[in-house]
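The structure appears below as structure tokens.
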Amino acid sequence: SKLAALFKHPLYNIPIPEVTEKDKLFVVNPMEKFSLHSSGSDEWVSSSKAETLLPTGKTAYDTYPTWLKFHVGINRFELYPRQDPLMPTLLRDLATQRIVSSVQKSGGTQLKLIMTFPNYGQALFKPMKQTRDQETPIDFFYFSDFERHNAEIAAFHLDRILDFRRIPPVSGRLVNITKEIRDITTDKKLAKTFFFSPAGNVCFYGECSYYCSTEHALCGKPDQLEGSMAALLPDKTLAKRRSWRSPWRRSYHKSKKAEWELNPNYCTQVRETPPYDRGHRLLDLIDMTILDFLMGNMDRHHYETFEKFGNDTFLLHLDNGRGFGTHSRDEPSILAPLQQCCSIKKSTYLRLQLLSTQPYLLSDLLREALAADPLAPVLAEPHLRALDRRLGKVLAVVGRCLAR
């Protein structure tokens, strides 16, 4: 396994700082049992009346479902550890756990569902919109592109291979529209949008600001539909998150350009503006830029952080569905923060160099990681080959910066 060899490499074993109690998202007493009663926020709640020791001799923590262990493990420095023993189980749960509730997620431009499992775990389901070999039409604006379920799956594995570990776990899943959505939904608005197509397939379209109409309906074969299942982060009532507007956000206008596209010295003013004027926030943003360039994702207008950790923490790389839309062309403007600031973390640069060499070629590693997904093959081969080409371009930009 090339992946196993990669994760044993010294660059993937740089220790994180010691995690103190204040560095943990949740401070949990491992002896405290969590009750099965759902609170108003759909999370498990601590039960002070529960027995502190279980008769089996295990601690209460051992009885937590995997999703809850994932939440409890989040800290200031990482969303999940490199050698995370929970990961295979968590991915399997996302792909196989029985779905007991499906409702549409409010907000957003395209249809997404929140699915709940019997153990109160929840996942965000993005349905299949286009086939693996379809490319985004050349005349499409980035803001009118489809969100792709396979991009969400591939983004999670790519983020992990780059050692960022800032995307919540995602697995592919084949969902039965009839039994796992239509028959169990309590969402009246969603329920009204189901119909049978002329071909006899079960279809639905939900309610949203784009692509929610009979012309853009999601149809099964006859009721089987592919999608991505992303583990939800802790409820915002328990762990507040802050949303930050990216300084290199695009204009989201057909003809207007953003300031960074007109001002080559734009980075100078970003460096003087909080929170980019201290700490590693700007370097973290450049990490995210590199991830987006490798995927071809132009749609990174905001990012989030956990409020508890203030400025000194990682960025969450959420919502990656507009990645992997094209393999035949690259979008150099995504790299603007790297080009304009000429800054990169040394650890990121060394890992990128490693991933451009045999036996650690980026395309080979992602191909291996995606082969284990229930919906494999997740990406068409040209997308995997494009990664190596784009990685070469990132390293060339850093080379030019070093020369300057």
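The values are calculated or read from the model by the stated rules, or taken from the named source; none is laboratory data. Values in this document were obtained by computation on a predicted structure and should not be read as measured data. All Cβ positions, even for glycine, are placed from backbone atoms using ideal geometry, and neighbour counts span all protein chains on display. Surface areas here come from the heavy atoms of the whole protein model, side chains and all, with no ligands, DNA or RNA. Shrake-Rupley method; radii C 1.70, N 1.55, O 1.52, S 1.80 Å.
Yes or no, residue by residue, for (1) at pLDDT 95 or above; (2) in contact with a helix residue (DSSP H, G or I) (Cβ under 9 Å, 6 or more places away or on another chain); (3) aliphatic (A, V, I, L, M):
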{"site": "Ile286", "(1), (2), (3)": "yes, yes, yes"}
{"site": "Thr289", "(1), (2), (3)": "yes, yes, no"}
{"site": "Glu304", "(1), (2), (3)": "yes, no, no"}
{"site": "His327", "(1), (2), (3)": "no, yes, no"}
{"site": "Leu338", "(1), (2), (3)": "yes, yes, yes"}
{"site": "Leu352", "(1), (2), (3)": "yes, yes, yes"}
task = Just need a number here: residues in the range 222-251 that are closer than 21 Å to Leu316 by Cβ, part of a loop (DSSP other than H, G, I, E, B) and among the hydroxyl-bearing types (Ser, Thr, Tyr).
result = 2
note = Gln130 meets each of (1) open to solvent by less than 20 Å² (accessible area, probe 1.4 Å); (2) over 30 Å from Gly310 (Cα atoms); (3) assigned to a loop (DSSP other than H, G, I, E, B); (4) modelled with pLDDT of 90 or more with one exception, condition (4)
message = For the range 261-300, give me the residue count where each residue is closer than 15 Å to Ser343 by Cβ, part of a helix (DSSP H, G or I) and of a type outside the set (S, T, N, Q).
response = 13
query = Is it fair to say Leu94 is outside any strand (DSSP E or B) and on the phi < 0 side of the Ramachandran plot?
reply = yes
request  = Check the range 41-51 and report whether any residue there is open to solvent by 60 Å² or more (accessible area, probe 1.4 Å), closer than 23 Å to Lys240 by Cα, at pLDDT 95 or above and of a type outside the set (A, V, I, L, M, F, W, C).
outcome  = no
message = Of the residues Asp159, Asp163, Asp145, only one is modelled with pLDDT under 95 and closer than 30 Å to Tyr303 by Cβ; which?
response = Asp145
Qualifying positions in the range 377-387 - in a helix (DSSP H, G or I) and either among the aliphatic types (A, V, I, L, M) or in contact with a Leu (Cβ under 6 Å, 6 or more places away or on another chain) (or both) = Leu384, Ala386, Leu387
inquiry  = I need every pair where a residue in the range 286-310 that is under 26 Å from His253 (Cβ atoms) and touching a residue at least 12 places away in the same chain (Cβ under 8 Å) has its Cβ under 6 Å from the Cβ of a residue that is open to solvent by 10 Å² or more (accessible area, probe 1.4 Å) and part of a strand (DSSP E or B), sequence separation at least 6 or different chains.
reply    = His302/Ser243; His302/Arg245; Tyr303/Trp244; Glu304/Arg241; Glu304/Ser243
message = Being touching a strand residue (DSSP E or B) at 6+ places or on another chain (Cβ under 8 Å) and surrounded by 15 or more Cβ atoms within 10 Å (Cβ to Cβ): is that true of Gly325 here?
response = no
inquiry  = Return the residues of the range 340-356 that are more than 23 Å from the chain's Cα centre (by Cα) and under 16 Å from Leu294 (Cβ atoms); say none if nothing qualifies.
reply    = Gln353, Leu354, Ser356
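Conditions tested, residue by residue: (1) at negative phi; (2) part of a loop (DSSP other than H, G, I, E, B); (3) in contact (Cβ under 8 Å) with a residue 12 or more places away in the chain.
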site	(1), (2), (3)
Arg165	no, yes, yes
Thr186	yes, yes, yes
Lys189	yes, no, yes
Cys203	yes, no, yes
Cys212	yes, yes, yes
task = Identify, from the list Ala369, Ala396, the residue that is in a helix (DSSP H, G or I) and crowded, with 19+ Cβ neighbours inside 10 Å.
result = Ala369
Lone unmet requirement of (1) surrounded by fewer than 16 Cβ atoms within 10 Å (Cβ to Cβ); (2) touching a residue at least 40 places away in the same chain (Cβ under 8 Å) for Lys221 = (2)
inquiry  = I'd like to verify a number: residues in the range 61-91 that are at pLDDT below 95, surrounded by fewer than 16 Cβ atoms within 10 Å (Cβ to Cβ) and closer than 16 Å to Pro15 by Cα, how many?
reply    = 2
query = Residue check: is Ser328 among the small types (Gly, Ala, Ser), outside any loop (DSSP other than H, G, I, E, B) and touching a residue at least 60 places away in the same chain (Cβ under 8 Å)?
reply = no
ask   = What single numbered condition from (1) open to solvent by less than 20 Å² (accessible area, probe 1.4 Å); (2) modelled with pLDDT under 95 fails to hold for Ala123?
value = (2)
Out of Leu54, Leu3, sole residue that is open to solvent by less than 40 Å² (accessible area, probe 1.4 Å) and at pLDDT 70 or above = Leu3
